[in-house]
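To keep things clear, I will list the structure first and then write my remarks on it.
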Amino acid sequence: MALAHVRDMRQAADIKRPFQFRVIDTKNMFAGSGLPAMALRDMLRQQMQPKEIHDALFKVIDSTYTYYVPDDLDYARTRSRVRGDRSINLVSVVHGRHAGDQADHPRLPRRHPSGEQVSRSCRI
């Protein structure tokens, strides 16, 4: 939405205070970034006060952990190397090929770096 369009909408609604917006790091990638956005939408619908929204939104962000586990580590390794990332090595790829059907997948962390237990119930 263009800023000029926002200005017109604000004038039509007789909003005189300065236009402000904030960029927030959700500390997640992929679908994890959508969870705080959906929580914010719900908070705005409930007409919460800005301070309450700020506190509640950062509570959601701080308690949201999403992980990306590709089905094909070889593909992920090839794509990442094209971009100059060397974090997925050949040993990880070979290990991933042999671990794919295990119920308790060794590549998924058991604990988040904060020490909290990570749920393994959601498989895509």
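FYI, it's all coordinate maths here, none of it is from the lab. Since we're looking at a predicted model, the values are computed, not measured. Cβ coordinates were reconstructed from backbone atoms using ideal geometry, including for glycine residues, and neighbour counts include every protein chain displayed.
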Spin-label pair Ser33/Val6, simplified geometry with 7 Å Cα→Cβ offset, distance in nm
1.7 nm
Where trypsin sites (Lys or Arg not before Pro) fall in DSSP loop in the stretch 1-79, at most 15 other Cβ within 10 Å
Lys16, Arg22, Lys27
Within 10 Å of each residue's Cβ, count the other Cβ atoms and sort Ser33, Ser80 from fewest upward.
Ser80, Ser33
Compute the FRET efficiency between Lys59 and Arg81 as 1/(1 + (r/R0)^6), taking r as their Cβ-Cβ distance and R0 = 35 Å, and round to the nearest 0.05.
0.40
For a quick check: sort Met43, Met38 by the number of other beta carbons within 10 angstrom, fewest at the front.
Met38, Met43
